[in-house]
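Notes follow the structure.
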Amino acid sequence: MNAIPLRKTVEVNQAPYTVVGFLGRGSYGAVSHIHRKLPSGRDQHLAVKEQRRDKGERELEMLIHLQDRHHPYIVRLYGFGPVEDNFLLAMEHARHGDLYSYVRKQEDGLDKKKARTFYRQALQGIHFLHSRRVAHMDIKPKNILVMSSNHCRITDFGVSAFMTEDGLCRPAGTRAYKPPENRSSARVVNGVWQDLWGAAVTYVFMVIAEVPWSSASLEVPEYRWFRQGILRFGCEGWYRFGEEERELLEHLLHHEPELRLVPVGYSDRPKESFAGLP
């Protein structure tokens with residue numbers, strides 16, 4: 001991959017922005033916090049992602065496909081374009097950062113009411129993606145932005161894929177958030193189930209402030225204990241869920257896809273109740 005330089009300024013839609021700081025850097029590229037004064041005098045803060053041109057153009061294609069109808073729980077695109085050998089995507093800036101950092105700042109995770117709010121919003125965003133035949137393929141806390149204390153948006157469509165009518169697409173994603181049937185050797189996987197599984201694991205993370213397992217594999221003790229219902233030997237935070245909540249999670253995260261529960265919040269009806277959880 002081309003090296004991503006440390007920049008002091010960037011240009012978005014022919015307007016200069018100052019780089020305020022760096023939000024993240026990895027194999028995908030780098031994300032920076034940028035700022036400029038608008039002619040009205042108002043401050044504008046954006047997040048700009050710089051990555052290899054082919055990857056950036058592929059992600060742009062996905063974002064444009066989704067942006068024709070602005071959705072409250074999908075990140076908004078503000079600008080894009082090439083810079084040297086790389087590609088920039090300018091998106092809205094999340095004042096509270098990503099969900100992973102937001103949760104880790106809390107001593108014992110989020111209270112369950114707030115976690116359910118974010119989970120429900122993520123499910124509505126996922127439902128919108130699937131209605132456009134798009135699988136995100138990497139739903140996890142680091143790919144959910146916290147816009148305010150009660151509002152989140154899904155971001156990072158770098159490995160997203162278009163699905164067939166049956167929900168099938170190429171494999172991708174982070175191992176800890178993939179369902180057990182999506183093995184690394186699979187040539188095609190069900191993108192719908194992968195996104196819903198990732199959202200459910202993210203909900204668990206929000207409440208217990210830990211990723212419950214490194215992989216949904218029987219070779220991983222924490223997941224094996226979850227499958228066996230012996231939660232006291234897994235993450236310490238499982239005690240934060242009541243008996244009915246744990247039973248619901250066992251259905252949401254059932255190892256057999258045909259026996260897996262589709263969460264009630266997976267819809268475009270924002271006031272839909274969250275079945276099984278108070």
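Nothing in this text is a laboratory measurement; each read-out follows from the coordinates by a stated rule. The structure presented is a predicted model; accordingly, all values stated were derived computationally and were not measured. Note: ideal-geometry Cβ built from the backbone for every residue, glycine included; neighbour counts use all protein chains shown.
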Taking the Cβ of each residue in His93, His130 as the centre, tally the other Cβ atoms inside 10 Å and list the residues starting with the fewest. His130, His93
Can you give me the Rg/Rh ratio for the stretch 150-240, using Cα atoms for both radii and the Kirkwood formula for Rh? 1.00
Pair Ala15, Glu243: separation of 7 Å Cα→Cβ label points (nm): 5.8
Would you calculate a helix-derived [θ] at 222 nm for the chain, using -39,500 (n - 2.57) for each DSSP H run of n ≥ 4 and dividing by the full residue count, to the nearest 500? -8500 deg cm²/dmol
How would you rank Leu145, Leu60, going from fewest to most other Cβ atoms within 10 Å of each one's own Cβ? Leu60, Leu145
Working only with C-alpha atoms, what are the Rg and Dmax values of the stretch 1-151, expressed in angstrom? 16.0, 46
How much of the pair distance distribution for the stretch 97-276 lies past 19 Å, counting alpha-carbon pairs only, in percent? 54
Cα extents of the stretch 17-92 along the three principal axes, largest first, in whole Å? 36, 29, 20
Want the number for Ala186 to His35: 0.36 nm per residue separation, take away the alpha-carbon distance, what's left? 50.1 nm
Roughly how far apart, in whole Å, are the Cα centres of the stretch 212-258 and the stretch 98-122? 19
Residue exposure sequence - Trp213, Trp193 - by fewest surrounding Cβ within 10 Å: Trp193, Trp213
For the stretch 78-159, what is the largest minus smallest coordinate of the Cα atoms on each principal axis, given in angstrom and ordered from greatest to least? 44, 30, 18
